[in-house]
Amino acid sequence: MTINKMAAQMYYYLTEFDILDFFYSFRNTVLDYIMYFFTMLGEHGAFWIGFCLVLIIVPKTRRIGLCCMMGLICEFIPVNVIIKPLVARVRPIYANTAREITTFVKVPSDFSFPSGHSSASLAVSVVMFRHNKKCGIILLITSFFICLSRLYFYVHYPTDVAAGIVIGGVFGIIGDEIMKKILKKYDSKKAARSQTLPQIDENTEKTENTEAIPEHLDV
């Protein structure tokens with residue numbers, strides 16, 4: 001590794017640690033519990049999965065729920081299956097040996113880049129915003145604090161969160177478009193099926209009337 005590359009890498013990590021140290025300097029009991037609440041909302045994607053399932057169960061919001069769930073699935077695969085193991089970035093709480101960092105949240109055992117909390121939050125929030133602006137804004141605000149909590153607890157670099165936001169948003173839109181096409185095909189097939197059923201009934205009725213004529217004439 002050349003001196004220039006070493007200097008660039010050192011500047012990169014120092015800059016990220018400086019940002020994390022800035023957030024860490026605000027640590028206090030009240031903020032700890034507030035940020036803990038938001039960080040737990042994104043833990044293992046449980047809140048977002050549950051949110052999508054509730055939407056799917058309710059008939060009125062079923063289509064939005066399916067779109068949100070597809071966005072979540074499309075986000076999960078590149079983030080957790082491909083990028084995290086490929087980049088294999090150590091979390092900052094372990095990487096920064098220059099200072100002692102205390103946190104009462106459970107530090108995830110997987111790699112740091114990108115942030116799964118951020119990507120999952122943005123995937124669902126962006127899809128919801130595309131379907132329902134008011135609800136989408138509420139989810140986007142919630143997602144902002146979830147992302148912020150990951151920096152506050154020193155478990156992600158700022159670039160982890162930034163990448164998670166971008167990937168979550170992009171793949172959320174991709175998932176939304178995929179589910180829209182699936183639902184459109186389903187609607188087309190359903191419409192075609194409903195159009196053929198009345199014709200069958202009409203033909204059956206004509207056949208029954210034709211068979212009834214000879215009996216009427218015999219009488």
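Each reported figure results from applying straightforward, stated rules to the coordinates on display, with no laboratory input. Remember, it's a predicted structure, so these values are computed and weren't measured experimentally. FYI the Cβ positions are ideal-geometry reconstructions off the backbone, even for glycines, and counts take in every protein chain you see.
Values for this structure:
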quantity	calculated
Euclidean distance between Cα centres, the stretch 125-181 to the stretch 27-41, Å	19 Å
For Leu122, Leu140, order by how many other beta-carbon atoms lie within 10 Å, fewest first	Leu140, Leu122
J(HN,Hα) series, the stretch 58-70, from Karplus relation 6.51 cos²θ - 1.76 cosθ + 1.60, nearest Hz, glycine and proline x	6, x, 5, 10, 4, 5, 5, x, 5, 5, 5, 5, 5
Per-residue Cβ neighbour rank within 10 angstrom, fewest leading, Ser143, Ser188	Ser188, Ser143
Per-residue Cβ neighbour rank within 10 angstrom, fewest leading, Thr142, Thr39, Thr15	Thr15, Thr142, Thr39
